[in-house]
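Chemist: The following block contains the structure, expressed as structure tokens.
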Amino acid sequence: MADYNENSKREKLRQVQEADFLALDLQLYLNTHPNCIRALEQYTNAVKKAKEIRNEYEKEYGPLTAGASSSQTPWQWIKNPWTWDKERS
């Protein structure tokens, strides 16, 4: 069961990364094509989708960044082992 849970977590993180990449790519495109209405619509949708996926991930697995932590001690935002700590096990 732990492997399944870890695979689910990795898959959700991959989805977060893909959504962020798409939003950034569209943002860069808009830097050179600021009047492209279609790209602006796609960018708006991509940012919304990336936020939704990130919220899903953080709800299930915890914050991705210290800024997303609701802790009174945000410097302690990650309580799980770091990725490289898991690899040594």
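Chemist: For the list (1) modelled with pLDDT of 95 or more; (2) surrounded by 13 or more Cβ atoms within 10 Å (Cβ to Cβ), I need the number of the one condition that LEU13 fails.
Modeler: With respect to (1) modelled with pLDDT of 95 or more; (2) surrounded by 13 or more Cβ atoms within 10 Å (Cβ to Cβ), LEU13 is out only on (1).
Chemist: Are any residues in the range 1-42 aromatic (Phe, Trp, Tyr) and farther than 18 Å from ASN55 by Cα, and if so, which ones?
Modeler: TYR4, TYR29
Chemist: Write out, first by first residue and then by second, each pair whose Cβ atoms fall under 6 Å of each other, whose residues are 6+ apart or on separate chains, and whose first residue, in the range 21-33, is within 10 Å of ALA46 (Cα to Cα) and modelled with pLDDT under 95 while the second is surrounded by 12 or more Cβ atoms within 10 Å (Cβ to Cβ) and among the aromatic types (Phe, Trp, Tyr).
Modeler: none
Chemist: When only residues in the range 31-52 that are assigned to a helix (DSSP H, G or I), out of contact with any Phe, Trp or Tyr (no Cβ under 6 Å at 6 or more places or on another chain) and of a type in the set (A, V, I, L, M, F, W, C) count, which is surrounded by the fewest Cβ atoms within 10 Å (Cβ to Cβ)?
Modeler: Here the answer is ILE37.
The values are calculated or read from the model by the stated rules, or taken from the named source; none is laboratory data. Here the structure is a predicted model, which is why all the values come from computation and not from measurement. We place every Cβ from the backbone using ideal geometry, glycine too, and count neighbours over all the protein chains shown.
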